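Only one structure is covered here, and it is reproduced in the block below.
The values are calculated or read from the model by the stated rules, or taken from the named source; none is laboratory data. Model, not experiment: these values are computed from the prediction. Cβ coordinates were reconstructed from backbone atoms using ideal geometry, including for glycine residues, and neighbour counts include every protein chain displayed. Side chains are part of the model used for accessible areas, which takes the heavy atoms of the whole protein and leaves out ligands, DNA and RNA. Shrake-Rupley method; radii C 1.70, N 1.55, O 1.52, S 1.80 Å.
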Amino acid sequence: MGSSLTLVGALWAFLSFLTAVASSASYFVPCWLVGSQMGKPVSFGTFRRCTYPARTEERHLVMVEECGRYASFGAIPSLSWQICTVVTGIGCALLLLVALVAILGCCVEELISRMMGRFMGAAQFVGGLLISSGCALYPLGWNSPEIQQTCGNASNQFQLGTCRLGWAYYCMGGGAAAAMLICTWLSCFAGKHPKPIMLVKSIMQSANPYGVELECCLKQ
């Protein structure tokens, strides 16, 4: 079993896997925004949150210390968070797809050529750009009533109030930056050049009906 990647390509595959896992895990973890409500720690993602208010049978308001996603896409607190959910989700899917092909390239010969590697690097750049756009949109939703219940009335667009950014937000942004800058650059040197003799054979056999005879000539 051979490899279609160079030594730099193996490093690219490893980093692609790390950035894809870091970004995708951060996408699902509701620790982008952290605050407190009624003395209980509360955290938000884009489409999930941990600890939410609910009313008991006696109509008392209590905080339920559980994590879950919003009941529907429309229940996400703000339009900017809805867009962020879609944009970052597509970006994470692109990074995961490239990482999967890159890992396969370590085990399958002639899977990733130099041109193919550059194309995959371009896909990583687009994925990182989408995730970065989602991170930039996220603060636009800090003025929603649900966020102000946790972060205080001082919370507004790009103003945290009493809340703070969680580790998942930084991990998401870091993964996107690494994919755009480091992985995209390494992808230019990831694939191996096709062997000259194999390239000549392929051209001759596709362009000449006597490709078999020409192949025999090449072996002499």
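Consider region 162-203 and keep the residues that are part of a loop (DSSP other than H, G, I, E, B) and modelled with pLDDT of 90 or more. The one that is surrounded by the most Cβ atoms within 10 Å (Cβ to Cβ) is C163.
Listed by first and then second residue, the pairs with beta-carbon distance under 9 Å, at least 6 apart or on different chains, first residue in region 72-93 and closer than 15 Å to E146 by Cα, second among the small types (G, A, S) and assigned to a helix (DSSP H, G or I), are I76/G141; P77/G141; S78/G141; L79/G141; S80/G141; W81/G141; Q82/G74; Q82/G141.
Number of residues in region 104-152 that are open to solvent by 20 Å² or more (accessible area, probe 1.4 Å) and part of a helix (DSSP H, G or I) equals 21.
With the structure loaded, tell me whether V98 is without any contact (Cβ under 8 Å) to a residue 24 or more places away in the chain and either under 25 Å from S132 (Cα atoms) or not β-branched (V, I, T) (or both) or whether it fails that test. Before you say what the answer is, go through the steps one by one.
Numbers: without any contact (Cβ under 8 Å) to a residue 24 or more places away in the chain: no; either under 25 Å from S132 (Cα atoms) or not β-branched (V, I, T) (or both): yes.
No, not satisfied.
Residues that are modelled with pLDDT of 90 or more, open to solvent by 30 Å² or more (accessible area, probe 1.4 Å) and in contact with an Asp or Glu (Cβ under 9 Å, 6 or more places away or on another chain): does region 85-103 have at least one? The answer is no, given that none of the residues of region 85-103 is modelled with pLDDT of 90 or more, open to solvent by 30 Å² or more (accessible area, probe 1.4 Å) and in contact with an Asp or Glu (Cβ under 9 Å, 6 or more places away or on another chain). Considering region 29-50, and only residues there that are aliphatic (A, V, I, L, M) and surrounded by fewer than 22 Cβ atoms within 10 Å (Cβ to Cβ), the residue that is farthest from P77 (Cα to Cα) turns out to be M38.
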